[in-house]
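Novice: Before we start, here is the structure in question, set down as structure tokens.
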């Protein structure tokens, strides 16, 4: 601590003439503990060193000198019973300046109130009035006229510039506590992480894309989906390569033909159960419907009739995925079955690898690999060659990934690099992992603000889209492999965005949410070189000739 | 406004006007400090436009009334010129030790000796700009003030002259709630002045360096 004589010069000269005043008090404080005399030790910036040895300081400075706390090291030494030579104590012998005794006792109690002044303060912005500057400090003191003679007090007051008869008043009642009680603040504390929304991008323009492009933050179209089941584990929206969107609203399945806008109800689930998943075959002609009672129905989309029901699962079928004539179904009990839709004995394979509900299931385009994500936080990648394996054989997964810390519902294969698999975890995880399924390594990870409910890769750009639940309810577009955020549409829905489906052309993404809306977002552009029909063909790799020959 | 010629519509600021201006400044300064230093939870405050910027003001009725009571008395003292300092002390709730002292010195501007040519009145926009700068500086102090991670309360102290008219049952003599000299750092803030009053701001904070 360093002190600058901020007392006005007028006062300083006055105090010089009043030396008896200070001299009288020396005796009082010579008996005081040594901590008083420690005041100036090592104090190189002290103004008294430079301003001459003979001039006694004003009482103000004495007061501060008297209230120095014993330093930690000194206290430690004292408690050990040893004061080291060369320590603070030994330095005290060297008087580099006049020792200024503290003021009379009556004053010392109050004088502790004077805070130190640091001359090195970088934050002082105005220095034009040094007299005023010290005034705040001086006024912290108050002389007590009762305990000393009036003349003494008057001299003291004149010397220090401290006005006498000053009162410090406070309002008689303490300030009210915050109206929010302890319970509320505790709840606020608990809820805070849910509301902690990370910073948004300043614009919706992707800084990462080479060409500045604007992704509309308003949906192209909104469809009502009354009664859609607000359940994270279900997969209720799918878009076929024939540009038909299937959506399950409780027990009923509807198809919406994107070209004509026509809506057709395909069928009603049996009494007492609801549709838990829908999935189109790769050619778009057939729709698989998973039911909550464990049955898997097969529908002809064009003829709008049910072709067969494949029963056998013991519990709800939460996920479906097609690979040519194989329809794989993920069940609540953790099993994955392969159904060959062409043969009467439809169950041609069973994959046991999950302890929890299989809520994410995706075949790779070429049918080589099947990825599954479960409520047990595990991602499994299975070898897709099932033909020559006898039914019931428990094959082991090719890769087992346990990096996620929450249910894995979002599973998506990259359309332009077949080894890439993206998986996203639920609320506790909120992370997207991108895997190389050839080597089994984790290539990239991306932490997102909230649960990842689905992932869609862009067929034309090196980007992928994720949908999110509470609190952001967002649709986000990320660049790959930089994993930078291209765009974020906050509050895309009023409730958590649970499902997404990409159109066959690869430009529109449909999202569904618990707010009973389906929204269509134009996220990407179709490259100009391949126009409409061509893009459609290559976009989803639809096969012109149906492999399914069961009719 | 040219300094030589005064616009006929604009009167020089009166004592009463200046007092109200200063009182209002205290209100916003206190609110700003209470918000910035987290004495009250952030959602107790709402934003208002004042001095050409947004200022956070408490919407807790109890606190609002409490400040109102204090400031109305401060207003009276300002009118009689018996107040010399306002201190907002931030105190640890548990240990009752003072953590920060926000000191506002009030001084009367001395009228110049020669009354023949009164100085031109200070334009209100200039006063507001000075006030705005103080409030901004209070906000910016959070960058260097130590982080307070314990519950705190505040207390407003008024330093008055002995002769001041004190409502007996409402205001009581008190301890200055000072910070020990060795553990205190001080930072002088900006000041502002009306034609009648001059306000100097300063913050002292506990710093066990």
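Every read-out reported here was derived from the displayed coordinates using simple, explicitly stated rules and does not represent laboratory data. Since the model is a prediction, treat every value here as computed from it, not as a measurement. Cβ sites come from the backbone with ideal geometry, for glycine too, and all protein chains shown count toward neighbours.
Novice: Using a/c under 1.5 as the rounded threshold, could you call the stretch A:407-480 rounded, prolate or oblate? The axes a ≥ b ≥ c are square roots of the C-alpha gyration tensor eigenvalues, and prolate needs a/b larger than b/c, oblate otherwise.
Specialist: oblate
Novice: While we're looking at this one, here's another question. Taking the Cβ-Cβ separation of residue B:139 and residue A:441 as r and a Förster radius of 41 Å, what is the calculated FRET efficiency to the nearest 0.05?
Specialist: FRET efficiency, residue B:139 to residue A:441: 0.25.
Novice: Follow-up. Give the Kirkwood hydrodynamic radius (Å, one decimal) of the stretch B:58-99, defined as one over the mean of 1/r across all pairs of different Cα atoms.
Specialist: 12.2 Å
Novice: Using Cα atoms only, what is the angle between the long axis of helix B:124-140 and the major principal axis of chain B, expressed in degrees (0 to 90) to the nearest 10?
Specialist: Between helix and principal axis, roughly 20 degrees.
Novice: Something else now. Let a ≥ b ≥ c be the square roots of the eigenvalues of the Cα gyration tensor of the stretch A:314-416; is it rounded (a/c under 1.5), or, if not, prolate (a/b larger than b/c) or oblate?
Specialist: Prolate, because a/c is 1.5 or more and a/b exceeds b/c.
Novice: Next question. At 7 Å along Cα-to-Cβ for each site, give me the label-to-label distance between residue B:79 and residue B:109 in nm.
Specialist: 2.1 nm
Novice: Continuing with the same structure: If you fit an axis through the alpha-carbon atoms of helix B:61-80 and take the longest principal axis of the Cα set of chain B, what angle between them do you get, 0 to 90°, nearest 10?
Specialist: It is inclined by approximately 40 degrees.
Novice: If Rh is defined by the Kirkwood formula over all Cα pairs and Rg also comes from Cα, what ratio Rg/Rh do you get for chain B?
Specialist: Here the Rg-to-Rh quotient is 0.98.
Novice: With the Cα gyration tensor of the stretch A:335-476 giving a ≥ b ≥ c as the square roots of its eigenvalues, does the rule (a/c under 1.5 for rounded; else a/b larger than b/c for prolate; else oblate) give rounded, prolate or oblate?
Specialist: It is prolate, given that a/c is not under 1.5 and a/b is the larger ratio.
Novice: Moving to a separate point now. Need one number: nm distance between label points at residue B:94 and residue B:72, each 7 Å from Cα along Cα→Cβ, rounded to one decimal.
Specialist: Inter-label distance under the simple model: 3.8 nm.
Novice: Using a Förster distance of 41 Å, how high is the FRET efficiency between residue A:302 and residue A:402, based on the Cβ-Cβ distance and rounded to 0.05?
Specialist: That pair, residue A:302 with residue A:402, gives E of 0.45.
Novice: Arranged by the count of other C-beta atoms within 10 angstrom, fewest first, what order do B:72, B:82, A:419 take?
Specialist: Ordered from fewest to most neighbouring Cβ atoms within 10 Å, B:72, B:82, A:419 come out as B:72, A:419, B:82.
Novice: Okay, helix-only estimate at 222 nm for chain B: each DSSP H run of n ≥ 4 adds -39500 (n - 2.57), divide by all residues, round to 500 deg cm²/dmol; what do you get?
Specialist: -9500 deg cm²/dmol
Novice: Which percent of the Cα-Cα distances in the stretch B:52-160 go past 16 Å?
Specialist: It works out to 74 percent of all Cα pairs.
Novice: Using only the alpha-carbon atoms, how far is helix B:15-36 inclined from the longest principal axis of chain B? Give it as 0 to 90 degrees, nearest 10.
Specialist: 30 degrees
Novice: I've got another one for you. Need one number: nm distance between label points at residue A:419 and residue A:185, each 7 Å from Cα along Cα→Cβ, rounded to one decimal.
Specialist: So the two model labels end up 5.6 nm from each other.
Novice: What residues of the stretch B:74-113 lie in the reach of a label at residue B:126, counting those whose backbone N is under 20 Å from a point 7 Å from the Cα along Cα→Cβ?
Specialist: B:107-113
Novice: From Cα pairs below 8 angstrom and at least 6 apart in sequence, can you work out the relative contact order of the stretch A:229-276, rounded to a whole percent?
Specialist: 30 percent
Novice: Can you compute the radius of gyration and Dmax for the stretch A:297-373, using only the Cα atoms, both in Å?
Specialist: 12.3, 38
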